[in-house]
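Working notes, beginning with the structure itself.
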C-alpha cells in the first residue's frame, strides 16, 4: 500500500521553522517536517508568519505530498525532514 495522506491536519512550528504534517502507511503514522525555506522558495513574497506559511503549504500540498511519498519510498522511516534539496 503506498503512503497516503487522509488527514489534512498540519501545524506550524515557529521554533523549528517548519510545517508538520502526517502520512499513513497502513497502520503506521509517518511524520514530516517541511522546512520554512521550502515554503519561501515556493512563494518568496509570502510572509513568514503562521498564517502565510500554512497558506503556502495548502496551495502546494499536492506537490509536497508527492515529494514526501518519494522520500518515504527511499527511506521507510517514521519521521522525515523535507528541505529544499528534496524539491
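Bear in mind that the values in this text are calculations on the coordinates, not laboratory data. The model shown is predicted, which means the values in this text are computed figures rather than measured ones. Methodologically, a virtual Cβ is constructed for each residue, glycine included, from the backbone with ideal geometry; neighbour enumeration extends over all protein chains shown.
Sorted into 5 angstrom bins from 0, the C-alpha pair distances of the chain split as 3, 15, 29, 25, 16, 8, 3, 0 percent. For the chain, the longest principal axis of the C-alpha atoms and the axis of helix 61-74 are separated by about 40°. What is the distance in Å between the Cα centroid of segment 58-81 and that of segment 18-48? Here the answer is 8 Å between Cα centres. When the chain is treated as a Gaussian network with alpha carbon springs shorter than 10 Å, the biggest mean-square fluctuation among 36, 75, 55 belongs to 75. Label separation (residue 81 vs residue 13): 0.9 nm, computed from points 7 Å beyond Cα along the C-beta direction. Considering only DSSP beta bridges where both residues belong to the chain, give the percentage that are antiparallel (nearest 5). The antiparallel proportion sits near 75 percent.
With respect to the chain, whose longest principal axis is taken over its alpha-carbon atoms, helix 50-59 is tilted by about 60°. Say each of residue 48 and residue 25 gets a label point 7 Å from the Cα, pointing the same way as Cα to Cβ; how far apart are those two points in nm? Modelled inter-label distance: 3.3 nm.
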